[in-house]
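Undergrad: One structure, pasted below without further comment.
The values are calculated or read from the model by the stated rules, or taken from the named source; none is laboratory data. The structure presented is a predicted model; accordingly, all values stated were derived computationally and were not measured. Cβ sites come from the backbone with ideal geometry, for glycine too, and all protein chains shown count toward neighbours. The accessibility values were calculated without ligands, DNA or RNA, using every heavy atom of the protein model including side chains. Shrake-Rupley method; radii C 1.70, N 1.55, O 1.52, S 1.80 Å.
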Amino acid sequence: MIPRTLFTEEHDMFRDAVRRFIEVEITPFHEHWEKAGVVPRELWLKAGESGLLCCNIPEEYGGPGADFLYSVVLHEEMAKAMATGPGFAVHSDMVATYIYKFGSEEQKQHWLPKMVAGEAIGALGLTEPGAGSDLKAIQTRAVQDGDDYVINGQKVYISNGQLCDLVVLACKTDPKAGSRGMTFIIVESDREGFERGRNLEKIGLKAQDTSELFFQDVRVPVSNRIGEEGQGFKIAMHNLAHERITIAVSALAQAEAALRWTCEYTRERKAFGQAIADFQNTRFKLAQLTAEVRALRVFVDECIGLATKDELDSTDAAMAKLLATELLGRTADECLQFFGGYGYMLEYPIARLYIDCRVRRIAGGSSEIMKEIISREILKP
Ligand SMILES: Cc1cc2nc3c(=O)[nH]c(=O)nc-3n(C[C@H](O)[C@H](O)[C@H](O)COP(=O)(O)OP(=O)(O)OC[C@H]3O[C@@H](n4cnc5c(N)ncnc54)[C@H](O)[C@@H]3O)c2cc1C
């Protein structure tokens, strides 16, 4: 196998610590959290204490100041263990990154140490009932009134929606200005007029609190704005490449895990006097999928290397997300088949993977939007 060359001994040590944390603090409780529809706040505090949150935030804001590879290690291990409940990626790689890269010094000093410690949980509010892929079409409105913004609108499918203490909220500040009329504003969850709606019932990711959020005449100071007025679209585009490689990292790790579980299972399980792995159909399908996953591993690792240097462009990030999530979907489906009836039982990780991975082709930009981004680049005159 082509060896992975990205990680140092320190990364490997961090990987061991992450695995132990997941084994002790997450896996034994995950089923219970799936019934509850949410993970407990204490888990966030423990993750903070163990240095698992906001790995990339520098020491001056309370973070470990580690490179992106530490986030990669965390996401790979969480994905492989099917620890899909805790919304650490949105919190650390999106919300904290928005604040760190584009926020004011005051915002960084105020929020980042608490986010590193797990004392403040972040959510990112882009999607609305009427606008997801077409971000420019959002309706949530922020109108300046003296030193405040007054915000009205609603968001949907917001990860960490029930737990969040702050939402980095996409608002329209100038509805006539198209993509230049969008601005990000931090809204604290204890502001008057902020209301959490339903914790939405989903087909998978049962332990994740994906919610509706409502904003009625919510007043926040102008100093809660991230960057300049009208910069929102640019900020979102910058961070989406980062978000998309993060999704590709988890998706590919899960495809690798699915193949591993399936090789193990088909070697053990017997039918017609032989192991399932001995049927040519099994061997050929697993060989084909493994070849595709390994080839993609090389491309995704190359993208991870670029992202670590902050050099990954949006087209390559879109390609990584498109290919990894589509291949994961196919791998989960084909692997589940080899488990027969057991594959349909939730006690088998392959069953949960099959359900949980479906969203990866939708959230963070759908496969169709990834193809739009790629084709725009390759066909530009
Ligand atoms: C579990 C979960 C968690 C989420 N977490 C968050 C979160 O934390 N924060 C947040 O803001 N959002 C979140 N989302 C929202 C997610 O990012 C959106 O669902 C996604 O961007 C798609 O938007 P939409 O649902 O409005 O679909 P639509 O935009 O309505 O798209 C519907 C279909 O049309 C296709 N389509 C749209 N435009 C085009 C086009 N130009 N060409 C071809 N096809 C097109 C899409 O690909 C899709 O198949 C989450 C969603 C889920 C399910």
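Undergrad: Got a number for the accessible area of Asp147? Probe 1.4 Å, square angstrom, nearest 10.
TA: Accessible area, nearest 10 Å²: 130 Å².
Undergrad: Still on this structure: Which lysines, on any chain, are close to Lys108 with Cα under 26 Å apart, when same-chain ones fewer than 8 places away are left out?
TA: Lys46, Lys155, Lys172, Lys234, Lys309
Undergrad: What do you get for the angle between helix 280-308 and the principal long axis of the chain? Use alpha-carbon atoms, 0 to 90 degrees, nearest ten.
TA: Compared with the principal axis, the helix lies near 30 degrees.
Undergrad: Still on this structure, I have one more. What base-10 log of the normalised intensity I(q)/I(0) is obtained for segment 60-171 from the Debye formula, alpha carbons as equal point scatterers, at q = 0.20, 0.21, 0.22, 0.24 Å⁻¹?
TA: One equal scatterer on each Cα of segment 60-171 leads to -1.20, -1.26, -1.32, -1.39.
Undergrad: Of all accessible surface on the chain at a 1.4 Å probe, what whole percent is carbon and sulfur? If you can, show how the numbers build up before the last one.
TA: Working: 9150 of 17840 Å².
With neighbouring chains kept in place, the figure for the chain is 51 percent.
Undergrad: Considering the alpha-carbon set of the chain alone, what are its Rg and its Dmax in angstrom?
TA: 21.2, 79
Undergrad: Taking amide H positions as placed 1.01 Å from N in the peptide plane, with prolines and chain starts having none, which residues 5 or more places from Leu312, or on another chain, fall under 5 Å of its amide H?
TA: Placed amide hydrogens put Ala307 under 5 Å from Leu312.
Undergrad: Can you compute the helix-only [θ] at 222 nm over the chain? Use -39500 (n - 2.57) per DSSP H run of at least 4 residues, normalise by all residues, nearest 500 deg cm²/dmol.
TA: Values: 11 runs with 173 residues, N = 381.
One gets -15000 deg cm²/dmol as the mean residue ellipticity at 222 nm.
Undergrad: Would you kindly give the portion of the calculated P(r) for segment 1-145 that falls above 20 Å, as a percent of all Cα pairs?
TA: Values: 5669 of 10440 pairs.
The share of Cα pairs beyond 20 Å in segment 1-145 comes to 54 percent.
Undergrad: Now for a different question. What do you get for the angle between helix 367-378 and the principal long axis of the chain? Use alpha-carbon atoms, 0 to 90 degrees, nearest ten.
TA: 80 degrees
Undergrad: Please check: in the Gaussian network model of the chain (C-alpha springs, under 10 Å), which one of Glu192, Glu212, Glu77 has the largest mean-square fluctuation.
TA: Comparing Glu192, Glu212, Glu77 in a Gaussian network model of the chain, the most mobile one is Glu192.
Undergrad: State, in angstrom, two size descriptors of segment 258-308 derived from its alpha carbons: Rg to one decimal place and Dmax to the nearest whole number.
TA: Just the Cα atoms of segment 258-308 yield Rg and Dmax of 15.0, 50 Å.
Undergrad: Between segment 239-305 and segment 90-116, what's the alpha-carbon centroid distance in Å?
TA: What the calculation gives is 35 Å, centre to centre.
Undergrad: Suppose a student asked you for the relative contact order of segment 177-265, using Cα pairs under 8 Å spaced at least 6 residues apart; what percent would you report? All intermediate terms of the calculation are to be shown ahead of the outcome.
TA: Values: 73 pairs, mean separation 31.7, N = 89.
It rounds to 36 percent for segment 177-265.
Undergrad: Provide the per-residue ³J(HN,Hα) series for segment 10-17, in order, calculated from phi with Karplus coefficients 6.51, -1.76, 1.60 and θ = phi - 60°, each as a whole number of Hz, with x at glycine and proline positions.
TA: Those phi angles translate into 5, 4, 5, 5, 4, 4, 4, 5 Hz.
Undergrad: Please sort 30-39, 357-366 by packing, taking for each peptide the average over its residues of neighbouring beta carbons within 10 angstrom, highest first. Please list the in-between numbers first.
TA: Numbers: 30-39: 17.4, 357-366: 20.0.
My ranking of the peptides, most packed first, is 357-366, 30-39.
Undergrad: Next up: Could you do me a favour and compute the accessible area per residue for the chain, 1.4 Å probe, result in Å²? All intermediate terms of the calculation are to be shown ahead of the outcome.
TA: Values: 17840 Å² over 381 residues.
Averaged over the residues of the chain, the accessible area is 47 Å².
Undergrad: Next question. Indicate, rounded to the nearest 5 percent, the antiparallel portion of the DSSP beta bridges found entirely in the chain. Don't skip to the end; give the middle numbers.
TA: On the way: 29 of 34 bridges.
Of the beta bridges lying entirely in the chain, close to 85 percent run antiparallel.
Undergrad: Something else now. Any chance you could get the radius of gyration and Dmax over the Cα atoms of segment 206-317, in Å?
TA: In order Rg, Dmax, the Cα atoms of segment 206-317 give 22.3, 72 Å.
Undergrad: Helix 105-117 versus the longest principal axis of the chain: what is the Cα-based angle in degrees, 0 to 90, to the nearest 10?
TA: The helix 105-117 is inclined about 30 degrees to the chain.
Undergrad: Show me, for segment 163-180, the HN-Hα J-couplings you get by feeding each phi into the Karplus relation (A = 6.51, B = -1.76, C = 1.60, θ = phi - 60°), rounded to Hz, glycine and proline as x.
TA: 3J(HN,Hα) across segment 163-180, in whole Hz: 8, 4, 9, 9, 10, 8, 10, 7, 10, 8, 9, 9, x, 8, 8, x, 5, 8.
Undergrad: Considering only protein heavy atoms, what is the solvent-accessible area of Lys101 at a probe of 1.4 Å, reported in Å² to the nearest 10?
TA: We get 80 Å² for Lys101.
Undergrad: Given H placed on each backbone N at 1.01 Å, which residues far from Glu128 in sequence or on other chains put an amide H within less than 5 Å of it?
TA: Residues meeting the criterion, in which the H sits 1.01 Å from N, are Val156.
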